[in-house]
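J.: Quick one: this structure, given as structure tokens, is what I'll be asking you about.
The values are calculated or read from the model by the stated rules, or taken from the named source; none is laboratory data. None of the values given here were measured: they were computed from a predicted structure. Backbone-built Cβ (ideal geometry, glycine too); neighbour counts: all protein chains shown.
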Amino acid sequence: MEAQNASDDHWSDHWARLDAFLQTDPRDAGCDEAMEMLDVYAELLAAGNDPSERFPGVHAHFLACDPCAQDLAGLLSALRGPAPSRPDSP
């Protein structure tokens, strides 16, 4: 019975990954291009601009790839600096 469950899990994971692949936005630029443009994209965002029109493939990738989106969020956080602290309540 355990072997059957392991086999089912394998196929379930296989189908989930295939489904995710098939739902990939055709404009998705991929990890390599996203990482190549990360600093430019983040600087535009930090300056209040919308880089999604200029770099639609990179934008599509950040929406689809959690690790790359986390890298973008980290760089944005570094560019924007620490959040202003609130004064202590009386």
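J.: Considering only residues that are of a type in the set (D, E, K, R) and more than 9 Å from the chain's Cα centre (by Cα), which ones fall in the range 33-79?
T.: Those that are of a type in the set (D, E, K, R) and more than 9 Å from the chain's Cα centre (by Cα): Glu33, Glu36, Asp39, Glu43, Asp50, Glu53, Arg54.
J.: Also, I was wondering about something else. Can you find, within the range 68-85, the residue that is surrounded by the most Cβ atoms within 10 Å (Cβ to Cβ) among those that are of a type outside the set (A, V, I, L, M, F, W, C) and either in contact (Cβ under 8 Å) with a residue 12 or more places away in the chain or outside any helix (DSSP H, G or I) (or both)?
T.: Asp71
J.: Can you tell me which residue within the range 21-35, out of those that are at pLDDT below 85 and part of a helix (DSSP H, G or I), is nearest to Ala64 (Cα to Cα)?
T.: It comes out as Phe21.
J.: To continue, here is another question. Name the residue that is nearest to Glu43 (Cα to Cα), counting only residues in the range 65-89 that are modelled with pLDDT of 90 or more and charged (D, E, K, R). Break it down stepwise before answering.
T.: Within the range 65-89, the subset modelled with pLDDT of 90 or more is 65-80.
Then drop every residue that is not charged (D, E, K, R), which leaves 66, 71, 80.
Details: Asp66: 19, Asp71: 13, Arg80: 9 Å.
Here the residue is Arg80.
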